Amino acid sequence: MVVPLKFNTLSKADQAELLQLEGIYLNSRYEADLVIDRYRLNNFYVDIICNRTTGEALAIQSFYPKQQQQPPIYQMHLPRLSIRQGA
């Protein structure tokens, strides 16, 4: 199992591949000229910090949550649910 310390030693390409294969996208947040995408990988989180204009990844940070929980639901950007007729 990969832990943050091991994740941090991987190349950026290997980090991206691991997130794509095993990571769970949680949400995005916007701060000034940045967009921060959060993923859960095993029992820790990974934030990818990108330039909002160019989309260039500026930094990748991995960390354990303070508590073993996902971020509160009000911080997550979830798609709207639609109700299907006749279901």
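Some notes on this structure:
- When TYR74, TYR30 are screened for being over 10 Å from the mean Cα position of the chain (by Cα), at pLDDT below 90 and not in a loop (DSSP other than H, G, I, E, B), only TYR74 passes.
- When residues of the stretch 1-28 are limited to those that are β-branched (Val, Ile, Thr) and out of contact with any Phe, Trp or Tyr (no Cβ under 8 Å at 6 or more places or on another chain), the one surrounded by the fewest Cβ atoms within 10 Å (Cβ to Cβ): THR9
- Boolean, GLN20 is outside any strand (DSSP E or B) and under 14 Å from GLN61 (Cβ atoms): no
The values are calculated or read from the model by the stated rules, or taken from the named source; none is laboratory data. Model, not experiment: these values are computed from the prediction. So basically every Cβ, Gly included, is an ideal-geometry build from the backbone, and we count neighbours across all protein chains shown.
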